[in-house]
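Student: Mind looking over this structure? Questions follow.
Values quoted throughout were computed directly from the atomic coordinates according to the rules given, and no laboratory measurement underlies them. Note that the structure is predicted; figures quoted are calculated from it, not measured. Cβ sites come from the backbone with ideal geometry, for glycine too, and all protein chains shown count toward neighbours.
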Amino acid sequence: MYIKGVGMTKFGISDKFSHQLAYEATLKALNDADMNFNEIDAVVCSSLEWFFSVEKQRHFASMLSSMFKTNKPIVRVPAACGGSGAALWFANQLEFNNILVVGAEKLMTGNSEAITDEFMMAAESKWEQTQGLIFPGQNALVAQEYMLKYPETTTEHLALIAYKNHSNALLNPYARFYKTEISLDKIRNSPVVCSPLRLFDCSISADGASAAIISKDKTDINIIGSDLSTDYLPTFERDDNTSWDASTITAKNAYKQAGIGPSDVDVAELHDAFTSVELIAYEDLGFAEKGKAYKKIEDGYFNLDGKLPINTSGGLKAKGHPVSATGLSQIYELVKHLRNETGARQVPNAKIGLAQNIGGAGGTVSCHLLRKIGG
């Protein structure tokens, strides 16, 4: 399949409902593709439809039917924080010619306690959640396990990841932290949320939507690899949390489909729900040797001017994380790089991009590889 067009809204606090945000992102994708909605054969959407939301709407697919005035097939694919990445993988399996894939979320109407409670429904609910193990705590335990096994990695390396992503978001008009400078010292000295994770190690919620139109018709962007894997929901059921099996499996399969390896990737968008998740992904995706990612972090290997720029958009950390819209926003960023349309944050001569989207703590992982065709 090929990508005809992409679109997204600004991530942040919006007065629009999720279906209105989805409509806005879709119009931008249609405009980018020079298409009208009548040319779309099917829609795959993603939204979690939160219980605390002011929208009070539990049938997102049908709501989009009302918005687009269509009776064409619309199917919803929820996968927690990995929703629109999973939706893109699902759409890529379908036989329709032109498919709209759209993800949207309205998070900022709920208070922090309500959002946290809803987020934890994407994790294990029978043992861990009842004991108060929220996502920062769960991921802090993963980070602790990693640092015990690889003691060369410290909180300084996590701070450098956060600083990199905030520096990138400064240049992204769609990022929640656009033009908001955060110093490395502020990151280092921010409050501890759950050791070793500090405030700036954690991604930030946002309202937003993103969309992509994929097609069998040849365009300038080819989806050369697309895979999805799952893993046990409770992290305690896994033998080793210093590597997430779903990440390594889906990356291996996507590379095989594309006929390339990690060294061929020019730019990547990784699921940095926490800085420790991005660090582990460096190794799971083959960008660094196991336990050695800290060296490349110190060398600036993943910085905007480094060998492999990662999360040039600002990532979930600084662009914002509207859950079901996150995966397709990664695709948006990659397509813009491959088309040389990202301005000050442009990666020169980018030909191949990788997007990794994760639902839960490694529970559902999608990996997509894009290639620029021609000039």
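Student: Which whole-number percent is the relative contact order of the stretch 244-323 (Cα, under 8 Å, 6+ apart)? Present the calculation step by step, with values, prior to reporting the outcome.
Tutor: On the way: 73 pairs, mean separation 26.4, N = 80.
Normalised by residue count, the contact order of the stretch 244-323 is 33 percent.
Student: In addition: At a 10 angstrom cut-off on C-beta neighbours, averaged per residue, how do the peptides 282-290, 365-373, 230-238 rank from highest to lowest?
Tutor: Working: 282-290: 20.0, 365-373: 24.9, 230-238: 16.2.
Put in order of decreasing packing, that is 365-373, 282-290, 230-238.
Student: On to the next question. Using only alpha-carbon positions, what ratio does the radius of gyration of the chain give when scaled by 2.2 N^0.38 Å? Don't jump to the answer; show the numbers that get you there.
Tutor: Numbers: Rg = 18.9 Å, N = 375, 2.2 N^0.38 = 20.9 Å.
The reported ratio for this selection is 0.91.
Student: State the three equivalent ellipsoid semi-axes of the stretch 1-110, derived from the C-alpha gyration tensor as the square roots of 5 times its eigenvalues, in descending order and whole Å. Display every interim value, and only then the final one.
Tutor: Numbers: eigenvalues 96, 44, 36 Å².
That gives 22, 15, 13 Å for the three semi-axes.
Student: A follow-up question, please. Considering the alpha-carbon set of the stretch 229-375 alone, what are its Rg and its Dmax in angstrom?
Tutor: 14.5, 48
Student: Rank-order 4-11, 204-211 by packing density, defined as the average count of other C-beta atoms within 10 Å over each peptide's residues, highest first. Could you put the intermediate results ahead of the total?
Tutor: Values: 4-11: 25.1, 204-211: 28.8.
Packing proxy ranking, top to bottom: 204-211, 4-11.
Student: Still on this model: Mind ordering 298-310, 263-275, 85-97 by average Cβ neighbours within 10 Å, highest first?
Tutor: Numbers: 298-310: 16.9, 263-275: 24.5, 85-97: 21.0.
Taking the mean over residues of other Cβ atoms within 10 Å, the ranking is 263-275, 85-97, 298-310.
Student: With the contact rule set at Cα under 8 Å and sequence spacing of 6 or more, what percent relative contact order holds for the chain?
Tutor: Working: 881 pairs, mean separation 100.6, N = 375.
Once divided by the residue count of the chain, the mean separation gives 27 percent.
Student: Return the Rg/Rh value of the stretch 264-303, two decimal places, where both radii are evaluated on C-alpha atoms and Rh is the Kirkwood radius.
Tutor: In the stretch 264-303, Rg relative to Rh is 0.92.
Student: If you restrict to DSSP beta bridges whose two residues both lie in the chain, what percentage is antiparallel, to the nearest 5?
Tutor: Numbers: 37 of 51 bridges.
About 75 percent, rounded to the nearest 5.
Student: Could you work out the relative contact order of the stretch 161-215? I mean the mean sequence separation of Cα pairs under 8 Å and 6+ apart, divided by the number of residues, in percent. All intermediate terms of the calculation are to be shown ahead of the outcome.
Tutor: Values: 38 pairs, mean separation 13.2, N = 55.
Worked out over the stretch 161-215, it gives 24 percent.
Student: Right, something else. Note the full-extension length gain between Thr154 and Asp41 as 0.36 nm times their separation in residues minus their Cα-Cα distance, in nm to one decimal.
Tutor: On the way: separation 113, 0.36 × 113 = 40.68 nm, distance 4.97 nm.
Length difference between fully extended and current span is 35.7 nm.
Student: Only helical DSSP H runs with n ≥ 4 go in: add -39500 (n - 2.57) per run for the chain, normalise by residue count and round the 222 nm mean residue ellipticity to 500 deg cm²/dmol.
Tutor: Working: 12 runs with 125 residues, N = 375.
It comes out at -10000 deg cm²/dmol, rounded to the nearest 500.
Student: Then there's this: Which entries of Lys296/Lys372; Lys28/Lys72; Lys4/Lys295; Lys179/Lys296 have Cα-Cα distances beyond 31 Å here? Each step should come with its number before you reach the end.
Tutor: On the way: Lys296/Lys372 26 Å; Lys28/Lys72 20 Å; Lys4/Lys295 38 Å; Lys179/Lys296 27 Å.
As for pairs spanning more than 31 Å Cα to Cα, those are Lys4/Lys295.
Student: GNM, the chain, Cα, under 10 Å: largest mean-square fluctuation among Ala355, Ala33, Ala281?
Tutor: Among Ala355, Ala33, Ala281, the largest mean-square fluctuation in the Gaussian network model of the chain belongs to Ala33.
Student: If we restrict to alpha carbons, what Rg and Dmax does the stretch 300-348 come to, in Å?
Tutor: 10.9, 30
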